[in-house]
Amino acid sequence: MNGRADFGEPNAEVPRPIPHIGADYIPTEEERRVFAECSDESFWFRSVPLAATSMLITQGLISKGILSSHPKYGSIPKLIFACIMGYFAGKLSYVKTCQEKFKNLENSPLGEALRSGQTRRSSPTGYYSQKPKYDSNVSGHSSFVTSPEADNIEREVLPRYEPIPFSASMNESTPTGITDHIAQVKVNKYGDTWDE
């Protein structure tokens, strides 16, 4: 032994640092290509079909009289609103697919950040998870051990709540289980409490 302890496994991978992706991040050429591809595909395959469908449904509802048309502008305001909602719904529905495309890029800092974010969420014991700073095992500390006297004080001071039975029909003839008796707790200047 040379005096140093080797805690690492001999064949363990050294984790790469998580790249910092901020407002000043400049995407690579491959990432720009994927951005353009995501934008085109989300527009043509999600936004346009959803906008057209929502406009057709809205026009059908207006025709049947379920939705009313505007006295001056007719159905145009509702159709524009349906189109805008369909457009954004299409864009939002493509986000997961676009993220998967970035995760599949090999030499992409953005893809690495997305993969490491998924690793952090899915495996808390992975490379990127953080260990708690303080041990949560407090049973051995004497300052946190409660005495029987403290338990008795807690039972006396804290109010006791009883569940109220639920009544399906709430009318005046049905009992609700609520009583008019409310226990009065008095406290003197020394902090002593008692029931009346």
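The values are calculated or read from the model by the stated rules, or taken from the named source; none is laboratory data. The structure presented is a predicted model; accordingly, all values stated were derived computationally and were not measured. A quick note on method: Cβ atoms are made from the backbone with ideal geometry, for glycine too, and the neighbour counts reach across all protein chains shown. To get the accessible areas, we keep the full protein, side chains included, count just its heavy atoms, and leave off ligands, DNA and RNA. Shrake-Rupley method; radii C 1.70, N 1.55, O 1.52, S 1.80 Å.
Overview of results
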quantity	calculated
Every residue from the range 53-78 that is surrounded by fewer than 15 Cβ atoms within 10 Å (Cβ to Cβ) and part of a helix (DSSP H, G or I)	53, 56, 57, 60, 63, 64, 76, 77
Filter result (open to solvent by less than 60 Å² (accessible area, probe 1.4 Å) and either of a type in the set (Asp, Glu) or not in a helix (DSSP H, G or I) (or both)) within the range 38-50	41
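Residue-by-condition table, conditions (1) touching a strand residue (DSSP E or B) at 6+ places or on another chain (Cβ under 9 Å); (2) crowded, with 17+ Cβ neighbours inside 10 Å; (3) at pLDDT 95 or above; (4) not in a helix (DSSP H, G or I):
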position	(1), (2), (3), (4)
80	no, no, yes, no
84	no, no, yes, no
92	no, no, yes, no
102	no, yes, no, no
105	no, yes, no, yes
112	no, yes, no, no
116	no, yes, no, no
